[in-house]
1. Quick check on the exposure proxy: order LEU95, LEU130, LEU34 from fewest to most C-beta atoms within 10 angstrom.
2. Go through GLY100, THR118, ALA88 and say which Cα lies farthest out towards the positive end of the charge dipole of the range 43-132; charges sit on Cβ, +1 for Lys and Arg, -1 for Asp and Glu.
3. Between GLU30 and SER8, 0.36 nm times their residue separation minus their Cα-Cα distance comes to what?
4. Please work out which option in (i) 2, 8, 14, 15, 13, 12, 11, 10, 7, 4, 3, 2, 0; (ii) 2, 10, 19, 21, 19, 15, 9, 4, 1, 0; (iii) 2, 9, 15, 18, 19, 17, 12, 6, 2, 0 gives P(r) over Cα pairs in 5 Å bins from 0, in percent calculated from these coordinates, and answer with its label.
5. Taking the 0 to 90 degree range and rounding to the nearest ten, how far is the long axis of helix 112-122 tilted relative to the main principal axis of the chain, both from C-alpha atoms?
6. Placing +1 at every Lys and Arg Cβ and -1 at every Asp and Glu Cβ, with all other atoms neutral, what dipole size does the chain have around its Cα centre, in debye to the nearest 20?
7. Determine, at each q value in 0.18, 0.20, 0.27, 0.31 (inverse angstroms), the log₁₀ of I(q)/I(0) that the Debye formula gives when each Cα of the range 79-122 is one equal point scatterer.
8. Express in whole angstrom the spacing between the alpha-carbon centres of the range 72-132 and the range 8-69.
Amino acid sequence: MPLVILDSISLSTPDGRPLFDGLTLALGRERTGLVGRNGCGKSTLLRLISGETEPAKGSIHRSGSIGVLAQHVDERLTVAQALGVVDALARLQRLERGEGSLDDAGHADWTLEGRIETALADIGLASLPLAP
């Protein structure tokens, strides 16, 4: 079952240049890539899919929840900070050193580091460290 259905979508740039005219598309839950030249409407299409922008014509049907990951991240952040897992990783490090509390042990996600490493490897960033 599709997660998003775009039906006969039409949209133009503010200066009147058409980006989409009669675009019909169905996206499922699988990973989908969006490729195109700069300025061809990729970001605009993603804003339409997320509900941030509405089409001039046509309709969009969404089921489930749509998540958006911003493209602009503070470059001063570590990967762990950007992902919001600094505290969870610190908890694991305390436990590994034998300094963790019972609360640490009760809330530890022992699979966290492995899942992050796998995700980074899947997108070609295996060599990116979690912290400096």
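1. Numbers: LEU95 15, LEU130 18, LEU34 11.
Ordered from fewest to most neighbouring Cβ atoms within 10 Å, LEU95, LEU130, LEU34 come out as LEU34, LEU95, LEU130.
2. About the Cα centre, the residue reaching furthest to the positive side is THR118.
3. On the way: separation 22, 0.36 × 22 = 7.92 nm, distance 2.22 nm.
Net length gain for the segment: 5.7 nm.
4. Checking each listed value against the structure points to (i).
5. Long axis of 112-122 versus the principal axis of the chain: about 40 degrees.
6. Details: 13 positive and 17 negative charges, 106 e Å.
With Lys and Arg at +1 and Asp and Glu at -1, about 500 debye.
7. The calculated log intensity ratios at q = 0.18, 0.20, 0.27, 0.31 Å⁻¹ are -0.52, -0.62, -0.96, -1.10.
8. Each part's Cα centre sits 33 Å from the other's.
Bear in mind that the values in this text are calculations on the coordinates, not laboratory data. Because the structure is a prediction, the values reported are computed rather than measured. A quick note on method: Cβ atoms are made from the backbone with ideal geometry, for glycine too, and the neighbour counts reach across all protein chains shown.
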